[in-house]
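K.L.:
The structure under discussion is supplied below as structure tokens; questions concerning it will follow.
Please treat every number below as a calculation from the coordinates, not as lab data. Every value quoted in this text rests on a predicted model; they were computed, and no experiment measured them. Here the Cβ is made from the backbone with ideal geometry for all residues, glycine too, and neighbour counts use every protein chain on show.
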Amino acid sequence: MRMKNKIAIVTGAARGNGRAIALRLAEEGATVVLGDVNEDQLNRVTAEIEAAGGRATAVRCDVTSEADVAALIAAAEEHGPVNAVVAQAGISYSGPLDSTPLDQWQRLMNIDVTGTFLTVREAVRSMLRTGGGSIVTMSGTYAYMAEPGTTGFCAAKAAILSFTRAVAAEYGDRDIRCNAIVPGYVMTEMVQEVYDNLPDGAAAHEEISKWHALGRIATPQEVANMALFLCSDESSFSTGSPFLVDGGLTTGINSFQRPIARPA
């Protein structure tokens, strides 16, 4: 088991990629401490892990709160030294720049960027005390490319990627690794909700699938497999790197075609 006797933290663990990552790490033997603001769903994920014979603790955590993030780390440290932290919590937003409200921009940056900063900062502080570990952030292919309506999301994902490299450079000599997962489209609950709100979500799904060299959208389990690799000792000489899980989306096999037209 690749995570046997290891302590791992996953933020945004109530659903989607975070849930899949928590389940995968627990399956490989980790004691997993789950953080999210959705307590009901978080408790369900914890119950799933325990029902499968794993070990998990649920902690309500708003990643924009210094106190909450510090408490999450402290809860994990009760089990032993923290070996791995996955800063998965995040939201999405799309819309034309000229009509993007400031409060929406700030909410996106606060959760995705500041939330990642606070989680990683507290992880580093913990790992400095205990001799190192692996930190995984969640960037995205919009760090590399763009389409209309994605200015905020592009900015957030690019910021996370650059931040990850800087953390790796600063703390590599203390045996702290920091890498970024860069997923393309993943069929999470959040993505499904986007499709459900489109005039023709099924057609949009089919079109977006064609943008990938593999002709389909990823599953959360495929993202979780990458997280497992980066949290485990198998990636012991990898740091400061982006790890794409995008099915060839960034190969440019198909140019972007918006599934819906820009509002007049």
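K.L.:
Among PHE153, PHE243, which comes first, second and so on when ranked by fewest other beta-carbon atoms within 10 Å?
P.N.:
PHE243, PHE153
K.L.:
Please work out whether the stretch 1-79 counts as rounded, prolate or oblate from its C-alpha gyration tensor, where a ≥ b ≥ c are the square roots of the eigenvalues and a/c under 1.5 means rounded, while otherwise a/b larger than b/c means prolate and anything else oblate?
P.N.:
Because a/c hits 1.5 or more and a/b fails to exceed b/c, the stretch 1-79 counts as oblate.
K.L.:
If a helix is a whole DSSP H run, which ones in the chain reach 27 Å or further along their own axis (Cα) and hold a mean Kyte-Doolittle hydropathy of at least -0.5?
P.N.:
Taking the DSSP H segments of the chain (at least 27 Å long, mean hydropathy at least -0.5), we get 151-171.
K.L.:
So which aspartates and glutamates can LYS210 reach, going by Cα to Cα under 13 Å and dropping same-chain residues fewer than 8 places off?
P.N.:
Straight-distance partners of LYS210: ASP246.
K.L.:
Using the Cα centre of the chain as the reference point, and only Cβ charges (+1 on K/R, -1 on D/E), how large is the resulting charge dipole? Debye, rounded to the nearest 20.
P.N.:
Result for the chain is approximately 500 debye, rounded to the nearest 20.
K.L.:
While we're on this one: On a C-alpha basis, how far is the centre of the stretch 56-71 from the centre of the stretch 114-150 in Å? Whole number, if you could?
P.N.:
So the separation of the two Cα centres works out to 15 Å.
K.L.:
Need the C-alpha centroid separation for the stretch 174-230 versus the stretch 1-52, integer Å.
P.N.:
For the stretch 174-230 versus the stretch 1-52, the Cα centre distance is 19 Å.
K.L.:
Work out how far the C-alpha atoms of the stretch 1-142 reach from end to end along every principal axis, then list the three figures in whole Å, largest first.
P.N.:
Result, largest extent first: 50, 33, 27 Å.
K.L.:
If you don't mind, another one. Taking the alpha-carbon set of the stretch 59-127, what are its Rg and Dmax in Å?
P.N.:
Computed over the Cα atoms of the stretch 59-127, radius of gyration and Dmax are 14.3, 49 Å.
K.L.:
Looking at the stretch 53-96, which GluC sites (Glu not before Pro) are in a loop (DSSP not H, G, I, E or B) and have at most 14 other Cβ atoms within 10 Å?
P.N.:
GLU78
K.L.:
Follow-up. Do the sum for the chain: with -39,500 (n - 2.57) for every DSSP H run of n ≥ 4, divided by all residues, what is the mean residue ellipticity at 222 nm, to the nearest 500 deg cm²/dmol?
P.N.:
-13500 deg cm²/dmol
K.L.:
Right, another one. Based on Cβ point charges of +1 for Lys and Arg and -1 for Asp and Glu, what charge dipole magnitude is obtained for the stretch 96-194 about its Cα centre, in debye rounded to the nearest 20?
P.N.:
In total the dipole reaches around 440 debye.
K.L.:
Would you mind computing Rg(Cα) / (2.2 N^0.38 Å) for the stretch 56-204, counting N as its residues?
P.N.:
Ratio of Rg to 2.2 N^0.38 Å for the stretch 56-204: 1.14.
K.L.:
Going toward the positive end of the dipole of the chain, with +1 on Lys and Arg Cβ and -1 on Asp and Glu Cβ, which of THR188, ILE176, PRO199 do you reach last?
P.N.:
Positive-most Cα among the choices belongs to ILE176.
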